[in-house]
1. For the stretch 107-127, what are the residues that are of a type in the set (Val, Ile, Thr) and either under 11 Å from His65 (Cα atoms) or out of contact with any Ser or Thr (no Cβ under 9 Å at 6 or more places or on another chain) (or both)?
2. Looking for something more than 17 Å from the chain's Cα centre (by Cα) and of a type outside the set (S, T, N, Q) - is there at least one such residue anywhere in the stretch 85-95?
3. Considering only residues that are more than 27 Å from Asp69 (Cβ to Cβ) and under 29 Å from the mean Cα position of the chain (by Cα), which ones fall in the stretch 1-23?
4. Restricting attention to the stretch 90-132, report how many residues are surrounded by fewer than 18 Cβ atoms within 10 Å (Cβ to Cβ), touching an Asp or Glu at 6+ places or on another chain (Cβ under 6 Å) and part of a helix (DSSP H, G or I).
5. Return only the number of the condition from (1) more than 30 Å from Thr155 (Cα to Cα); (2) among the basic types (Lys, Arg); (3) surrounded by 11 or more Cβ atoms within 10 Å (Cβ to Cβ) that Arg55 does not satisfy.
6. What's the number of the only condition in (1) farther than 30 Å from Ile160 by Cβ; (2) exposed (fewer than 11 other Cβ atoms within 10 Å of the Cβ) that Leu11 fails to meet?
Amino acid sequence: MNSSRFPSRLLENAVNEFSRLPGIGRKTALRLALFILKQEKDDVQRFSEAVKALREEIQYCKVCHNLSDDEICEICANPKRDHAQVCVVESIRDVMAIENTQQYKGIYHVLGGVISPMDGIGPDDLSINPLVEKASTGAVSEVIFALSATMEGDTTNFYIYKKLAAFPISVTTIARGVSVGDELEYADEVTLGRSLVNRLPFEKTL
């Protein structure tokens, strides 16, 4: 889309910003910008304030690295959760997927990715050390690996497993009801829930 077709520089600027979002092309960006123009000013104000607050006020939980409005997320702050059971996931979206199954009552540890040398991501780029430190306190009885069933996920599982070998902790992994190569967040809730319930000792998967 040629910029000269825009009747307004302000419209063009808005389209440029919308088109930076993932999966949003220039045509979709234009539709979004024109949609915003048709809304009441109060509605647009609420929208802009929500986006601004998202970027400026949201925090990462000091315990599990999940997104939170406070220093400690609602899951970690909940005394009814089993704090001795830690489910290791790749991303915040995976936490949301598992919570939707309503099958898990422990807490989480969000790595922020998986080990991927091809992408320049090593162990030090992930929140692995805080997990090992948590395990060393003796407060953890089970660590559940719930990473995607990919080569990178398996590599990360094995790396963490070796790091945890010195501690008297049960290390398990979700059952492979989640197909090899699948991203965890795209698994249906029933399959993911069963995979959690039917988890296996990790060493049996090696």
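Readers should treat all values here as calculations from the given coordinates under stated rules, not as data from a laboratory. Predicted, not measured: the structure shown is a model, and the values here were computed from it. FYI the Cβ positions are ideal-geometry reconstructions off the backbone, even for glycines, and counts take in every protein chain you see.
1. Just the residues of the stretch 107-127 that are of a type in the set (Val, Ile, Thr), to begin with: 107, 110, 114-115, 121.
Hits for the stretch 107-127 are Ile107, Val110, Ile121.
2. First pass over the stretch 85-95, keeping only residues more than 17 Å from the chain's Cα centre (by Cα): 85.
Still in the list and also of a type outside the set (S, T, N, Q): none.
No: the stretch 85-95 contains no residue that is more than 17 Å from the chain's Cα centre (by Cα) and of a type outside the set (S, T, N, Q).
3. To start, the set of residues in the stretch 1-23 that are more than 27 Å from Asp69 (Cβ to Cβ) comprises 1-16, 19.
The answer is Ala14, Val15, Asn16, Ser19.
4. So the answer is 2.
5. Evaluating Arg55 over (1) more than 30 Å from Thr155 (Cα to Cα); (2) among the basic types (Lys, Arg); (3) surrounded by 11 or more Cβ atoms within 10 Å (Cβ to Cβ) leaves (3) as the failure.
6. (2)
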